[in-house]
Amino acid sequence: MNEEDRLFETLSRRHFLTRTSLGLGAAALGSLVNPRAAHAAGRPGVLTETHFPAKAKRVIYLFQSGGPSQMELLDYKPKLAELHGQQLPDSVRQGQRLTGMSAGQSSFPLAESIFSFERRGECGAWVSELLPHTAKVIDELCVIRSMHTEAINHDPAITFFQTGSQLPGRPSMGAWVSYGLGSDNDNLPEFIVLVSKNGSGQPLYARLWGSGFLPTRHQGVQFRAGTDPVLYLNDPEGYSRDDRARMLSTLNELNQAQYDAVHDPEILDRMAQYEMAFRMQTSIPGVMDLSNEPDSIFELYGPGAKDPGSYAYNCLLARRLAERDVKFIQLYHQGWDQHGDLPKGIQNQCKATDQATAALIADLKQRGLLEDTLVIWGGEFGRTNYSQGALTADNYGRDHHPRCFTVWMAGAGVKKGLVYGETDELGYNVVRNPVHVHDLQATILYLLGVDHERLTYKYQGRRFRLTDVSGEVVKDILA
């Protein structure tokens with residue numbers, strides 16, 4: 001095989017189209033030699049300017065894995081109390097498919113929530129007694145009660161929210177944002193992931209914050225609990241920072257030579273990742289050091305705020321990352337999948353999350369950060385209005401329900417104190433202002449100044465985007 005044939009076999013169409021990147025490796029090497037010059041240049045995304053004036057500079061997405069029950073939290077349904085124990089009407093179900101966990105039931109008794117609701121705030125939104133802290137910030141929230149999705153099981157449903165497709169392999173939302181907008185902080189990744197250490201519930205896979213077919217430098221970087229938040233970042237004992245700089249300099253020279261030979265853009269991505277890791281060795285300790293936080297802040301976020309890896313600790317860390325202009329911060333919290341013993345389970349979940357969630361909103365606001373930070377809260381689907389399993393006076397379970405559920409948004413560019421959309425009186429179907437997953441994704445990108453139809457990436461002959469082939473910006477919720 002001659003050199004021309006070898007090169008043709010090495011280069012894919014994607015690689016050929018990116019050959020104009022030649023020389024970026026040298027720029028990465030130069031950033032180690034002259035970091036101040038590199039910092040001034042920044043890490044821009046593919047968009048030289050936003051499509052629209054951006055309302056949000058950054059996103060904090062509080063993903064509640066498992067599917068929180070909307071009827072116990074923010075979608076009050078008094079009609080269920082009236083019909084408690086009666087069968088779900090066929091005219092309401094309309095033949096909707098069920099999961100394998102309740103499809104075999106011979107009875108589908110409607111189950112009222114055993115928790116009380118009150119109108120809270122100036123907006124008068126109904127809020128459950130389970131969320132006393134969220135109730136205090138309800139006037140800052142835009143509650144969307146008409147979300148609906150296509151998936152009925154956890155993995156495809158979570159994947160759909162994070163990537164715009166039920167099938168794995170697509171880039172995550174944070175990766176798309178990183179690809180399009182780049183970073184405002186050269187010393188931290190533009191996409192950071194935090195996972196609560198409660199460890200129970202549906203599994204979370206790293207592909208949920210992966211880059212898919214986008215360049216790998218756009219994948220999320222997970223911060224873990226403990227003294228080593230990013231794996232393999234610390235130098236071995238007896239290995240100095242100067243040693244690391246010399247090693248990276250030599251490695252970059254070798255990688256540059258390889259890139260010059262084969263023009264594989266992934267070589268440049270790997271060089272950029274090495275460079276970022278080098279910078280993170282000095283930036284991360286400052287982010288993770290909470291010793292300068294006053295006691296009042298720990299009291300605001302509540303029990304667990306000093307416990308690395310807890311939901312409260314991660315909410316506080318999310319605020320610190322927002323202060324440092326990290327573009328996309330994804331926080332995952334598991335444990336909302338209550339098929340049985342729901343009253344006890346959801347009480348425990350709210351006790352672990354309610355105070356810290358509300359504290360994050362209040363803390364961002366008091367620092368002036370809520371004005372340009374978009375905060376999102378919600379899970380992958382909702383729960384059924386009928387009981388899965390036995391229904392008793394004080395206990396019941398709820399199965400997965402994709403037809404309607406509740407999420408909320410707050411902060412940059414979103415109307416405050418708004419309850420948007422409506423479900424029927426039994427909480428089974430959307431009856432007003434439906435919001436699809438792709439609509440939510442399109443709206444998030446819009447608030448960041450991005451047209452979801454124009455941020456695309458050509459892969460295997462097709463131009464892909466986060467919202468696939470659908471999605472409309474929900475303009476009614478925009479401030």
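Could you please tell me which pairs satisfy a Cβ distance under 6 Å, a separation of 6+ or placement on different chains, a first residue in region 183-195 that is assigned to a loop (DSSP other than H, G, I, E, B), and a second residue that is modelled with pLDDT of 90 or more and among the hydroxyl-bearing types (Ser, Thr, Tyr)?
Taking only residues 6 or more apart or on different chains, the pairs are GLU190/SER178; GLU190/SER183.
Considering region 460-476 alone, what residues qualify as being farther than 24 Å from LEU167 by Cα and part of a loop (DSSP other than H, G, I, E, B)?
Listed by number, the list holds a single entry, VAL474.
Restricting the search to region 77-104, which residues are assigned to a helix (DSSP H, G or I), surrounded by 12 or more Cβ atoms within 10 Å (Cβ to Cβ) and either within 33 Å of the chain's Cα centre (by Cα) or polar (S, T, N, Q) (or both)?
The answer is LEU80, VAL92, ARG93.
Condition test on GLU380, is it on the phi < 0 side of the Ramachandran plot, of a type outside the set (Gly, Ala, Ser) and touching a residue at least 24 places away in the same chain (Cβ under 8 Å)?
yes
Return a yes/no flag: does region 20-29 have any residue that is at pLDDT 95 or above, under 30 Å from LEU321 (Cα atoms) and either among the hydroxyl-bearing types (Ser, Thr, Tyr) or out of contact with any helix residue (DSSP H, G or I) (no Cβ under 6 Å at 6 or more places or on another chain) (or both).
Within region 20-29, none of the residues are at pLDDT 95 or above, under 30 Å from LEU321 (Cα atoms) and either among the hydroxyl-bearing types (Ser, Thr, Tyr) or out of contact with any helix residue (DSSP H, G or I) (no Cβ under 6 Å at 6 or more places or on another chain) (or both).
Inspect all residues belonging to region 165-182 and state whether any of them is of a type in the set (Gly, Ala, Ser), touching a strand residue (DSSP E or B) at 6+ places or on another chain (Cβ under 8 Å), part of a strand (DSSP E or B) and crowded, with 20+ Cβ neighbours inside 10 Å.
For region 165-182, residues of a type in the set (Gly, Ala, Ser), touching a strand residue (DSSP E or B) at 6+ places or on another chain (Cβ under 8 Å), part of a strand (DSSP E or B) and crowded, with 20+ Cβ neighbours inside 10 Å: absent.
So which residues in region 443-459 are in contact (Cβ under 8 Å) with a residue 24 or more places away in the chain and either small (Gly, Ala, Ser) or not in a helix (DSSP H, G or I) (or both)?
LEU448, GLY449, VAL450, ASP451, ARG454, LEU455, TYR457, LYS458, TYR459
Kindly indicate whether any position in region 199-208 is of a type in the set (Phe, Trp, Tyr) and under 27 Å from GLU380 (Cα atoms).
Yes, region 199-208 contains at least one residue that is of a type in the set (Phe, Trp, Tyr) and under 27 Å from GLU380 (Cα atoms).
If I ask for residues that are in a loop (DSSP other than H, G, I, E, B), on the phi < 0 side of the Ramachandran plot and in contact with a Gly (Cβ under 7 Å, 6 or more places away or on another chain), which ones from region 105-122 would you list?
Within region 105-122, just GLU122 meets the criteria.
Of the conditions (1) modelled with pLDDT of 80 or more; (2) surrounded by 18 or more Cβ atoms within 10 Å (Cβ to Cβ); (3) at negative phi, GLY212 clears all except one; give me its number.
Just one mismatch for GLY212, condition (3).
Before we move on, is SER102 polar (S, T, N, Q) and in contact (Cβ under 8 Å) with a residue 40 or more places away in the chain?
So SER102 passes the test.
Mind listing whichever residues of region 410-442 are outside any strand (DSSP E or B) and over 20 Å from the mean Cα position of the chain (by Cα)?
Within region 410-442, LYS415, LYS416, GLY417, GLY421, ASP424, GLU425, LEU426, GLY427, TYR428, ASN429, ASN433, PRO434 qualify.
Check GLU150 against each of (1) in contact (Cβ under 8 Å) with a residue 24 or more places away in the chain; (2) more than 19 Å from VAL407 (Cα to Cα); (3) in a loop (DSSP other than H, G, I, E, B); (4) out of contact with any Lys or Arg (no Cβ under 9 Å at 6 or more places or on another chain) and name the one condition it does not meet.
Looking at each condition in turn, GLU150 falls short on (2).
The values are calculated or read from the model by the stated rules, or taken from the named source; none is laboratory data. If you're wondering where the values come from, they're calculated on a predicted model, not measured in any experiment. Every residue, glycine among them, receives a Cβ derived from its backbone with ideal geometry; neighbour counts consider all protein chains shown.
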